[in-house]
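Here is the structure we will look at, set down as structure tokens.
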Amino acid sequence: MNDITMPTLYDRVRQVIPPPDWMLFEEDIEAILALKREQNAVILAHNYQTPEIFHGVADITGDSLALAREAVEVDADVIVLAGVHFMAETAKLLNPDKTVLIPDMGAGCSLAESITTQDIALLREAHPDVPVITYMNTSAAVKAASDICCTSGNAVKVVESLGVPKVLMIPDEFLARNVAKETDVEIIAWHGHCEVHELFTPEDVRAMREAYPGVTVLAHPECPPDVVAEADFSGSTAVMSNFVAHRKPARVCLLTECSMSDNVAVRHPDVDFVRPCNLCPHMKKICLRNIRDALEHNRHEVTVDPAIAHDARRSVERMLDIK
Ligand code: 13P
Ligand code: SF4
């Protein structure tokens with residue numbers, strides 16, 4: 001990535017970035033590539049980052065599970081997390097000796113905001129001896145108060161790995177209800193929602209099928225269960241991307257955040273993408289300019305309170321141990 005020329009880079013993304021926009025991005029991209037070399041830094045970018053970040057400056061891309069797995073392998077002094085705060089916190093948990101930067105501290109997540117450690121204490125009181133499985137989209141403190149983490153890419157596996165008849169799965173109600181359809185384990189859910197995926201409706205899916213005959217519909221498991229039921233397939237952002245790569249549908253619609261289709265389309269110019277998407281305002285706080293600022297000014301450093309880091313890391317590592 002660091003030795004690539006600007007014209008080669010633009011060739012990759014010309015399908016989704018018009019030339020005038022690219023001209024505005026070029027200077028920041030060149031500066032970021034140089035700063036990464038100078039500072040021995042790597043950029044981890046989530047699948048919802050815009051294409052100029054995802055294809056222009058990122059070293060490692062993926063869903064939240066892949067970003068956590070790759071964070072363990074990173075050989076660099078500085079990690080810049082182009083994504084939301086819980087992802088940067090996870091990278092820090094797994095790399096306590098490295099500097100982890102997030103370009104905008106305000107890049108949060110409605111799911112992470114929906115539950116506190118006090119809520120978990122009350123849930124444990126109401127359901128003694130029921131293990132708590134916590135979605136990665138939570139604070140380090142909530143992870144520390146949990147038994148194990150999961151992502152949308154491994155939730156069923158994590159639930160079944162515990163060998164118990166009943167689990168608490170927090171905080172995403174829809175993910176929990178979608179997972180419950182795929183396992184015999186009883187799942188007690190919380191009432192958190194993703195503000196992006198909760199907006200999709202079954203009517204949207206039906207209207208789209210009528211307007212675009214033959215379209216294959218993929219839904220993220222943070223969508224309401226009645227939306228997932230109308231879709232052809234459901235999976236994490238990485239699972240959706242792999243579906244397009246391997247099954248090569250002629251026409252596809254990804255019911256998820258908007259940049260996802262752009263990023264996947266770059267790799268599959270032969271697939272027709274229908275794009276009724278919703279923007280994540282948190283993911284969209286990250287841009288080339290603040291990534292460049294992060295590297296130039298060594299900001300904003302993400303730290304985790306040592307009092308919770310050990311237990312939070314244990315919940316994440318327990319999940320990563322499940323292959
Ligand atoms: P993935 O793990 O599927 O990438 O999801 C993360 C996320 O925040 C989706 O809204
Ligand atoms: Fe959180 Fe939803 Fe944005 Fe993902 S898309 S970061 S779950 S608010």
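The values are calculated or read from the model by the stated rules, or taken from the named source; none is laboratory data. These figures come from a predicted structure and were not determined experimentally. So basically every Cβ, Gly included, is an ideal-geometry build from the backbone, and we count neighbours across all protein chains shown.
All but one of (1) more than 20 Å from the chain's Cα centre (by Cα); (2) surrounded by fewer than 19 Cβ atoms within 10 Å (Cβ to Cβ); (3) not hydrophobic (A, V, I, L, M, F, W, C) hold for ARG177; which doesn't?
With (1) more than 20 Å from the chain's Cα centre (by Cα); (2) surrounded by fewer than 19 Cβ atoms within 10 Å (Cβ to Cβ); (3) not hydrophobic (A, V, I, L, M, F, W, C) applied to ARG177, the lone miss is (1).
When you scan region 287-323, how many residues do you find that are in contact (Cβ under 8 Å) with a residue 60 or more places away in the chain, hydrophobic (A, V, I, L, M, F, W, C) and either outside any loop (DSSP other than H, G, I, E, B) or within 30 Å of THR216 (Cα to Cα) (or both)?
10
For region 220-278, how many residues meet the condition of being in a helix (DSSP H, G or I) and either of a type in the set (Asp, Glu) or surrounded by fewer than 16 Cβ atoms within 10 Å (Cβ to Cβ) (or both)?
Result for region 220-278: 9.
When VAL205 is evaluated against the numbered criteria (1) in a loop (DSSP other than H, G, I, E, B); (2) away from ligand 1 (no atom under 15 Å from the Cβ); (3) within 27 Å of VAL228 (Cα to Cα); (4) not basic (Lys, Arg), which criterion, by number, is the only one it fails?
Just one mismatch for VAL205, condition (1).
Taking region 292-314, which residues are more than 18 Å from the chain's Cα centre (by Cα) and either within 16 Å of ligand 1 (Cβ to nearest atom) or of a type in the set (A, V, I, L, M) (or both)?
Within region 292-314, ALA294, LEU295, VAL304, ALA307, ILE308, ALA309, ALA312 meet the criteria.
For LYS143, all conditions in the list (1) closer than 15 Å to HIS191 by Cα; (2) surrounded by 24 or more Cβ atoms within 10 Å (Cβ to Cβ); (3) not small (Gly, Ala, Ser) hold save one; what is the number of the exception?
The one condition LYS143 does not meet is (1).
Among the helices (runs of 4 or more DSSP H) contained in region 61-114, which hold 3 or more residues that are in contact with a Cys (Cβ under 7 Å, 6 or more places away or on another chain) and among the aliphatic types (A, V, I, L, M)?
none
Which one is farthest from ligand 2 (Cβ to nearest atom), of the residues in region 279-291 that are farther than 30 Å from MET208 by Cβ and buried (at least 21 other Cβ atoms within 10 Å of the Cβ)?
Checked region 279-291; the qualifying residue farthest from ligand 2 (Cβ to nearest atom) is LEU288.
Could you tell me which of the residues ASN263, ASN278 is of a type outside the set (Gly, Ala, Ser), at pLDDT below 95 and within 16 Å of ligand 1 (Cβ to nearest atom)?
ASN278
I'd like the residue in region 171-202 that is more than 16 Å from ligand 2 (Cβ to nearest atom) and either part of a loop (DSSP other than H, G, I, E, B) or touching a residue at least 60 places away in the same chain (Cβ under 8 Å) (or both) and, out of all such residues, is nearest to LEU122 (Cα to Cα).
This residue is ILE188.
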